[in-house]
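Reviewing the structure listed below.
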Amino acid sequence: MEAERESPLWSDALRSEPECEPVFSPLGEERYALGLETIYEGYLLHYGTPRLFAPADGDTALLLGDYLYAHGLVRVAEAGTVEAVADLAALISRCAQLRADGLPGDGEAWAATASTLGEGAEARIEWSGDDAELERALDAHRRRVPGVRLRRRP
């Protein structure tokens, strides 16, 4: 694993028995799979239960998550197009905003982006893939990322 070689901090954070279940990459093109799952692992470090890492503290989780975001974007750039990188940057921003506002929809945003990666936002108008695969991805996401509680407006 590259992260393990990159830093002893990352090496120390590796789970003894990592879970390697891909979540959203099966919805998209194979060439983006590793980069997409790398970015998703970063997202899990920030907001959920990571599959590969168990950092000792929140600061390490935040740093490692940011590292994985950047590393995943590099992998996607090497495999694809600038549009795919822009799509993922927009996804990271959108999901961070949803989490900050306590709103649901991050799983659906991940699924829509994964399935249309590199095609731009206009391609994400509606899902046109396998419904069973979509539900599998969303179920896996829900197990890893706690749901948000909707805030009541005063």
Check your understanding: Which residue, of 14, 9, is over 21 Å from residue 145 (Cβ atoms) and open to solvent by 20 Å² or more (accessible area, probe 1.4 Å)?
Key -> 9
Check your understanding: Which of the residues spanning the stretch 26-53 are open to solvent by 70 Å² or more (accessible area, probe 1.4 Å) and either free of Cβ contacts under 8 Å to residues at least 60 places away in the same chain or within 14 Å of the chain's Cα centre (by Cα) (or both)?
Key -> 30, 31, 34
Point to revise | Matching option when the condition is assigned to a loop (DSSP other than H, G, I, E, B), of a type in the set (Val, Ile, Thr), at pLDDT 95 or above and open to solvent by less than 40 Å² (accessible area, probe 1.4 Å), among 76, 23 | key: 23
Point to revise | Qualifying residue in the stretch 29-38 (condition: within 15 Å of residue 10 (Cα to Cα), assigned to a helix (DSSP H, G or I) and in contact with a Gly (Cβ under 7 Å, 6 or more places away or on another chain)) | key: yes
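The values are calculated or read from the model by the stated rules, or taken from the named source; none is laboratory data. None of these values were measured; they are calculated from a predicted model. Note that each Cβ is placed from the backbone with ideal geometry, even for glycine, and that neighbours are counted across all protein chains shown. The protein model used for the area step is the full one, side chains on, heavy atoms only, and it has no ligands, DNA or RNA in it. Shrake-Rupley method; radii C 1.70, N 1.55, O 1.52, S 1.80 Å.
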